[in-house]
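Undergrad: Sharing a structure with you now.
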Amino acid sequence: MIKKLTMMAAAAAVFAAGCGKPSDGDGATEGGGAKPKHKIAYVTNGIDPFWDLCAAGVKQAENELGGVECEIHFPPKGLADQKSILETLLTKGIKGIAVSPIDADGQTKFLNEVASETVLITHDADAPKSNRQVYVGTDNYKAGRALGQLVKEAIPDGGEVMIFVGRLEQLNARQRRQGVIDELLDRPHQVLGQVKFDEVAKVFKGDKYTVLDTRTDNFVMDTAKSNAEDAITKHKDLACMVGLFAYNPPRCLAAIREAGKLGQIKVCGFDEDDDLLQAIKDGHAQGTISQQPWKYGYNSVKVLKAILDGDTSVIPANKFIDVGFKVVTSKNIEAFWSEKRKMAALGAKKD
Amino acid sequence: MDAQPSLLKVTAIGKQFPGVQALHNVDLTLNRGEVLSLVGENGAGKSTMMKILAGVHTPDAGTIELDGKPIRANSVREAQAHGIALIHQELNLAGNLDIAANIFLGNEPHKAGFIDRKDIHAQASKHLKRVGLAFPTDTLVADLTIGHQQLVEIAKALSVDARIIIMDEPTSSLAQKETENLFKVVNDLRSQGISIIYISHRLGEVIELSDRVSVLRDGENAGELAREEISHDAMVKLMVGRDLSQFYQRNATEPGEVVIEANRLRTSAHPNRELSFSVRQGEIVGIAGLVGAGRTELLQTLFGITPAVGGTLKLDGNKILPRRPLEAIIAGIALAPEDRKQHGLVSEMSVRENSSLPRLRVDQKAGMIDFSAETNVANEAVEKMDIKTPHLEQVIQYLSGGNQQKVVLGKWLAMNPRLLLLDEPTRGIDVGSKQEIYKLMEELAASGVAILFVSSEMEEVLGMADRVLVMHEGAITGELDRNQLSEETIMQLATDNKAAA
Amino acid sequence: MKKNILGILGLFIFIFIFTAYYSEPFLSAYNMQNLIKWSSLYAIMGIGVAFVIITGGIDLSIGSVIGLVASLMALAIKKGWDPNFAVVMLLGLSLGIGLIHGLLITKVKLQPFVVTLCGLLVYRGISRWMTDNQTMQYPGTDKLDSLFSGKVLMGSFGLPAPLFFLIVVAILAAIFLNRTIWGRYLFALGNNEDGARYSGIETDRLKIVAYVICSFLAGLSGLLFAYELDSVQPAQTGEFYELYAIAAAVLGGCSLRGGQGTILGVIIAAAVIRLLRNSINLLGISTHLEYAIIGMVILCGVAADEIIKRVMARRRTAQVTTARK
């Protein structure tokens, strides 16, 4: 941690020394009196292949739209790292930030500080109580319901369903989980922003479907896997495992494979891990809900650029730009996967 | 003097420690503005006496009267309240604090719990002046020389209105100049009416400073010398002179070839002193001297614990220079150290594991322990040394001191050493075990082992040694053959009185 | 030097029976396989740190070494290195790390806590920097995959690969500690370093060996964890594992004062820690309570152990006194 902070401080110092002046003076950067590029930043909530795909969208937008320069940050270890990254960005005098808040409620005050110094938008997860200009994201509740639909398709006759997730402090995780539960219990649709959440440890019994208690792993991989293993051990009649974070479905699949229950226990997931896509292709998993993360990246940059250019018409009244999601099943897996590969290659490319 | 009652009158003090009668029926008087020196051999009871006066120990018997009134000091604080302060051999200052803070440590003048900084420094500088120190009172104690630190310690005693200051070997680590300075302060204090009890091995200093000398021997009063009677010879005569007939007498045999020969050897503890000596096969050589004379350091150098900084060493004619104990052991040297618990034993291991520890390496089979050989080694040690233990697996810390020492010796005998170094071989051991260890030393010598032993017990040196090296402040001040041996000569050499020797 | 492991064994049996009673699927082959697998992985780390703890030292860098090895393995595959060569190189690197720790501690005379705490930071930083902090996988190394995380079928019961690594490591470690002179020396120096030196033991060299063994086993664990999870996150893989390893060693009877420890005890203790997790999941106890429960059980275990030891010591002293009378 100390090392990281000093490195970051050093980087900030170098950056300030090297770039401080040109960005102030007009025309000093690019030749021929071109307008200086907006310096903006894209901050994730952690490290994951998911974020590499978002980064691809960021780069795509950078290339296609022009006039912006975006640095991408992956806070490795939770809240504290994300906060210090944002602080460093402010120190550097960044013009705009798109962030995926880790703990929306807890961070509100800090995010307001950020918003008072720069243009702040949220992506992937929202902080509705903060002064962010707009939220670029998915309706995670709706996506959760779509995921519930997938579960229904996977096990039309009903059965026991268990949800796995990294942590439930995050709003998007809670919304997804609630969407799945509401769909499986055939409850009425709720409106995003006013969703009521059910208890974590509770078991919900519907007519056909039973949603077992949700296990969290705090992003620790061996816990994610052993949680899945223990669930298979504990619930003999487990019919479907639902992984809400990108790394959950592959851990579920590994556990199922080792238990010799491939196909017997269905898997529905979120996001687009290669292992999960392969399993969908092979028929071991029912499908996944992809938020097409590159669209997050792309749209975040696009919106930030528009605001910095003075065009506030991109901000809708409800401050929510829905980039939608895609339901991926065996029917459309090939096309989807090739698009993902293309974006992954772009995301991994070094500048 | 006689008309006025003594400031301090100690009568018939007795103190017993487990197994030892440290003091027996000791009397002591101290007058106002007097420097009384307390002298005696190692273990004569000086330190115990001082600690009783300073409230560290409580006496088993006897009375202490101050100004004619009986007092009891059960703690250092109570003694201080009576105006008695002890300045230890090792100073008790906190190096990371400044002079003022040290002077008032534990006695800080305060207002409602807050330390009054201004007051502290003002008072400290007043006390500092009395001992002739002119440093700012916010100087860190760690930045002072040992001599100056000692004066700070005295100032600290003055700060609690001490009327009696006890100094235990105050000059042992001082340079000549600092010693002279200290004497000046002592004389000043005397003229201010403060009484001083001065303990020193350096009889020259005692002669210079004392108004009176009291001599202790084996925990009892041996005599007193008034100012005009004080002389080197007179003191030594009182310090020694005991009946030795009851102690072990060795039957020396003709020594063989030279086993170890040191030539101008210099130890890191006393790098300016050159030591030359030799020990022959079958010979038992004692090293006598007072505490701090550099005897233990010499043995540690021979054993490779603190490698020599100069000179040469030959074992059986071959040059060696052990830089680690293992090298010394391989060459055939063994050491039974002074501090058994710290250096001699692995106290949580069993008798078997302790007695076989050096031998394991020799008996190993490609790194594997030869367990039957190990058991043999342990059994042999128990048998030969007559170690009293319920079984070989007994954890060694539950054995008596004598049996522990036998295990230490047993583990080295298993190595068949050429040269056996013994540092205080019978310290803290009961009489019976002592005799057994003496017998063993003789047997080993008879079998051709060269033995070099350090002892602070005079009767042990006189009884066991074929030859004695006497050390004083890192140097060998004399070498005495068996027929030259007497307690008096050793004492003269140990206190470096060349004229007398 | 054999220490009583009955306490920890009793604890294991108690939790085992308790869980088996309340959770019917606990005893299923599948669950047992998993339990064995995770326990083996933890035990290998625990054995490593036990060596260091026996010398009276500590190693806080284990988790970071695991992360470093797992990260560099993935990086090597990505760069197209021969995976077998990479494995050899990484195990060599682990040895080198231990050597550096040992030299800093014995020759420069730094405190083990400080040296390995810095190691914890340095190796984690290097992992993240070398890999650009990217999550990576281990594609195209099926042979290594089956070596490190495969299963050996015994009828329908699959013995996980880490178990075999543990068996080899445990046997070698137990022989080293109990049968070789160096093992004896290690206990002796852990108990009384000066005493050991005065008996001709090369204490510095042995301490270095202990740190080398510890880091080597951490490196091996790194490979095993990597293939077990098929994925590495340079910032997270192995984080806090040193604490589990130390907990296993201490619960297994190693004294942080040095000079004590048994391999079997460490293995059982590692199993207890994994068993607790398994049991918490199967009994449906909130995952949020997991740390609290593990912490309490370790604390109780160590406390009970200490009390038993003291009672035994008192009895022994009593014996000696009566014997003397």
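Undergrad: Across the range C:50-76, what is the number of residues that are touching a residue at least 60 places away in the same chain (Cβ under 8 Å), in a helix (DSSP H, G or I) and within 30 Å of C:Trp129 (Cβ to Cβ)?
TA: So in the range C:50-76, the residues touching a residue at least 60 places away in the same chain (Cβ under 8 Å) come out as C:50-71, C:73-75.
Retained after the next criterion (residues that are in a helix (DSSP H, G or I)): C:50-54, C:62-71, C:73-75.
Applying the additional criterion that residues be within 30 Å of C:Trp129 (Cβ to Cβ) yields C:51-52, C:62-71, C:73-75.
Qualifying residue count for the region: 15.
Undergrad: Would you mind finding the one in B:Gln397, B:Gln405, B:Gln484 that is modelled with pLDDT under 90, over 29 Å from B:Asp233 (Cα atoms) and not acidic (Asp, Glu)?
TA: Numbers: B:Gln405 fails: modelled with pLDDT under 90; B:Gln484 fails: over 29 Å from B:Asp233 (Cα atoms).
None of the other options fit; the residue is B:Gln397.
Undergrad: Given the condition under 26 Å from the mean Cα position of the chain (by Cα), outside any loop (DSSP other than H, G, I, E, B) and crowded, with 23+ Cβ neighbours inside 10 Å, answer yes or no: does some residue in the range B:422-434 qualify?
TA: Pass one, the range B:422-434, residues under 26 Å from the mean Cα position of the chain (by Cα): B:422-434.
From what's left, outside any loop (DSSP other than H, G, I, E, B): B:422-423, B:431-434.
Narrowing further to those that are crowded, with 23+ Cβ neighbours inside 10 Å: B:422-423.
So far as the range B:422-434 goes, yes, one or more of its residues are under 26 Å from the mean Cα position of the chain (by Cα), outside any loop (DSSP other than H, G, I, E, B) and crowded, with 23+ Cβ neighbours inside 10 Å.
Undergrad: Please tell me if B:Arg264 is under 14 Å from B:Arg418 (Cβ atoms) and among the basic types (Lys, Arg).
TA: Numbers: under 14 Å from B:Arg418 (Cβ atoms): no; among the basic types (Lys, Arg): yes.
No, not satisfied.
Undergrad: So, of the residues in the range C:261-287 that are farther than 21 Å from C:Leu166 by Cα and in contact (Cβ under 8 Å) with a residue 60 or more places away in the chain, which turns out to be nearest to the other protein chains (Cβ to nearest Cβ)? It would help to see each step written out before you state the result.
TA: The initial filter retains those residues of the range C:261-287 that are farther than 21 Å from C:Leu166 by Cα, namely C:279-287.
Adding the requirement that they be in contact (Cβ under 8 Å) with a residue 60 or more places away in the chain leaves C:279, C:282-283.
On the way: C:Ser279: 9, C:Leu282: 5, C:Leu283: 9 Å.
Checking each candidate, the answer is C:Leu282.
Undergrad: Then there's this: Quick one: in the range C:30-84, which of the residues that are crowded, with 20+ Cβ neighbours inside 10 Å and charged (D, E, K, R) is modelled with the highest pLDDT?
TA: C:Asp59
Undergrad: Here's another thing I want to ask about it. Can you tell which of B:Ala142, B:Ala94, B:Ala122 is under 32 Å from the mean Cα position of the chain (by Cα), over 22 Å from B:Lys184 (Cβ atoms) and assigned to a helix (DSSP H, G or I)? Before you say what the answer is, go through the steps one by one.
TA: On the way: B:Ala94 fails: assigned to a helix (DSSP H, G or I); B:Ala122 fails: under 32 Å from the mean Cα position of the chain (by Cα).
Residue meeting the stated conditions: B:Ala142.
Undergrad: Scan C:Ala174, C:Ala170, C:Ala188 and give me the residue that is over 16 Å from C:Gly102 (Cβ atoms) and within 10 Å of chain B (Cβ to nearest Cβ).
TA: Numbers: C:Ala174 fails: within 10 Å of chain B (Cβ to nearest Cβ); C:Ala170 fails: within 10 Å of chain B (Cβ to nearest Cβ).
Exactly one of C:Ala174, C:Ala170, C:Ala188 is over 16 Å from C:Gly102 (Cβ atoms) and within 10 Å of chain B (Cβ to nearest Cβ), namely C:Ala188.
Undergrad: If I filter the range C:120-141 down to residues being buried (at least 18 other Cβ atoms within 10 Å of the Cβ), of a type in the set (Val, Ile, Thr) and within 12 Å of chain A (Cβ to nearest Cβ), which single residue comes out as nearest to C:Lys79 (Cα to Cα)?
TA: C:Thr131
Undergrad: Among (1) farther than 27 Å from B:Ser191 by Cβ; (2) in contact with a Phe, Trp or Tyr (Cβ under 8 Å, 6 or more places away or on another chain), there is one condition B:Ile13 misses while meeting the rest; what is its number?
TA: All conditions are met except number (2).
Undergrad: If I filter the range B:231-265 down to residues being over 18 Å from B:Glu41 (Cβ atoms) and buried (at least 19 other Cβ atoms within 10 Å of the Cβ), which single residue comes out as modelled with the lowest pLDDT?
TA: If we take residues in the range B:231-265 being over 18 Å from B:Glu41 (Cβ atoms) and buried (at least 19 other Cβ atoms within 10 Å of the Cβ), then B:Pro255 is modelled with the lowest pLDDT.
Undergrad: Here is a follow-up. Of everything in the range C:6-29, what is modelled with pLDDT of 90 or more and polar (S, T, N, Q)? Give them in sequence order.
TA: Of everything in the range C:6-29, just one residue is modelled with pLDDT of 90 or more and polar (S, T, N, Q), namely C:Thr19.
Undergrad: Looking only at the range A:192-208, count every residue that is among the β-branched types (Val, Ile, Thr) and touching a helix residue (DSSP H, G or I) at 6+ places or on another chain (Cβ under 8 Å) and tell me the total. Walk me through how you get there before you give the answer.
TA: Here is the first cut: in the range A:192-208, the residues among the β-branched types (Val, Ile, Thr) are A:195, A:200, A:203.
Then keep just the ones that are touching a helix residue (DSSP H, G or I) at 6+ places or on another chain (Cβ under 8 Å); that gives A:195.
Total meeting the criteria: 1.
Undergrad: Using the structure shown, decide if A:Ser226 is within 14 Å of chain C (Cβ to nearest Cβ), of a type in the set (Gly, Ala, Ser) and over 21 Å from the mean Cα position of the chain (by Cα). Give the derivation first.
TA: Working: within 14 Å of chain C (Cβ to nearest Cβ): yes; of a type in the set (Gly, Ala, Ser): yes; over 21 Å from the mean Cα position of the chain (by Cα): yes.
For A:Ser226, the condition - within 14 Å of chain C (Cβ to nearest Cβ), of a type in the set (Gly, Ala, Ser) and over 21 Å from the mean Cα position of the chain (by Cα) - is met.
Undergrad: Restricting attention to the range B:390-401, does a residue exist that is more than 9 Å from chain C (Cβ to nearest Cβ) and acidic (Asp, Glu)?
TA: Narrowing the range B:390-401 to residues more than 9 Å from chain C (Cβ to nearest Cβ): B:391-393, B:396-397, B:401.
From what is left, the residues that are acidic (Asp, Glu) are B:393.
Yes.
Undergrad: Which residue, of C:Leu144, C:Leu177, C:Leu189, C:Leu206, is within 30 Å of C:Ala76 (Cβ to Cβ) and touching a residue at least 12 places away in the same chain (Cβ under 8 Å)? Spell out the reasoning first.
TA: Working: C:Leu177 fails: within 30 Å of C:Ala76 (Cβ to Cβ); C:Leu189 fails: within 30 Å of C:Ala76 (Cβ to Cβ); C:Leu206 fails: within 30 Å of C:Ala76 (Cβ to Cβ).
Going through C:Leu144, C:Leu177, C:Leu189, C:Leu206 in turn, just one is within 30 Å of C:Ala76 (Cβ to Cβ) and touching a residue at least 12 places away in the same chain (Cβ under 8 Å): C:Leu144.
Undergrad: Can you name the condition, by its number, that C:Phe12 falls short on among (1) more than 11 Å from every other protein chain (Cβ to nearest Cβ); (2) in a helix (DSSP H, G or I); (3) under 21 Å from C:Ala173 (Cα atoms)?
TA: Against the list (1) more than 11 Å from every other protein chain (Cβ to nearest Cβ); (2) in a helix (DSSP H, G or I); (3) under 21 Å from C:Ala173 (Cα atoms), C:Phe12 comes up short only on (3).
Undergrad: Please pick out the residue among A:Lys225, A:Lys281, A:Lys266 that is in contact with a helix residue (DSSP H, G or I) (Cβ under 8 Å, 6 or more places away or on another chain), outside the structural domain of A:Ala61 (by TED's automatic domain parsing), in contact (Cβ under 8 Å) with a residue 24 or more places away in the chain and assigned to a strand (DSSP E or B). Before the answer, list the steps.
TA: Values: A:Lys225 fails: assigned to a strand (DSSP E or B); A:Lys281 fails: assigned to a strand (DSSP E or B).
Criteria check complete, one pass: A:Lys266.
Undergrad: Okay, next question. Assigned to a loop (DSSP other than H, G, I, E, B), among the hydrophobic types (A, V, I, L, M, F, W, C) and away from every other protein chain (no Cβ under 14 Å), is that true of C:Ile47? Break it down into steps so the answer makes sense when it comes.
TA: Numbers: assigned to a loop (DSSP other than H, G, I, E, B): no; among the hydrophobic types (A, V, I, L, M, F, W, C): yes; away from every other protein chain (no Cβ under 14 Å): yes.
So C:Ile47 does not fit the description; no.
Undergrad: Limited to the range A:205-222, what total is found for residues that are at the interface with chain C (Cβ under 8 Å from one of its Cβ atoms) and in a strand (DSSP E or B)?
TA: Of the residues in that region, 2 qualify.
Undergrad: I need a count of the residues in the range B:304-336 that are within 8 Å of chain C (Cβ to nearest Cβ), touching a residue at least 60 places away in the same chain (Cβ under 8 Å) and within 20 Å of B:Phe277 (Cβ to Cβ).
TA: Matching residues across the range B:304-336 total 1.
Undergrad: A further question follows. Taking the range B:361-385 on its own, how many of its residues are within 14 Å of another protein chain (Cβ to nearest Cβ), assigned to a helix (DSSP H, G or I) and more than 12 Å from B:Trp412 (Cα to Cα)?
TA: 8
Undergrad: Considering only the range B:342-352, how many residues are in contact (Cβ under 8 Å) with a residue 12 or more places away in the chain and facing chain C (nearest Cβ under 9 Å)?
TA: Total meeting the criteria: 7.
Undergrad: Of the residues that sit in the range A:251-283 and are within 17 Å of the chain's Cα centre (by Cα), at negative phi and within 13 Å of chain C (Cβ to nearest Cβ), which one is modelled with the highest pLDDT?
TA: A:Leu276
Undergrad: Also, I was wondering about something else. When you check C:Leu224 against the structure, is it touching a Pro at 6+ places or on another chain (Cβ under 9 Å) and within 12 Å of chain A (Cβ to nearest Cβ), yes or no?
TA: It is true that C:Leu224 is touching a Pro at 6+ places or on another chain (Cβ under 9 Å) and within 12 Å of chain A (Cβ to nearest Cβ).
The values are calculated or read from the model by the stated rules, or taken from the named source; none is laboratory data. All values reported here derive from a predicted model rather than from experimental measurement. Neighbour counts run over all protein chains shown; Cβ positions are idealised from the backbone, glycine included.
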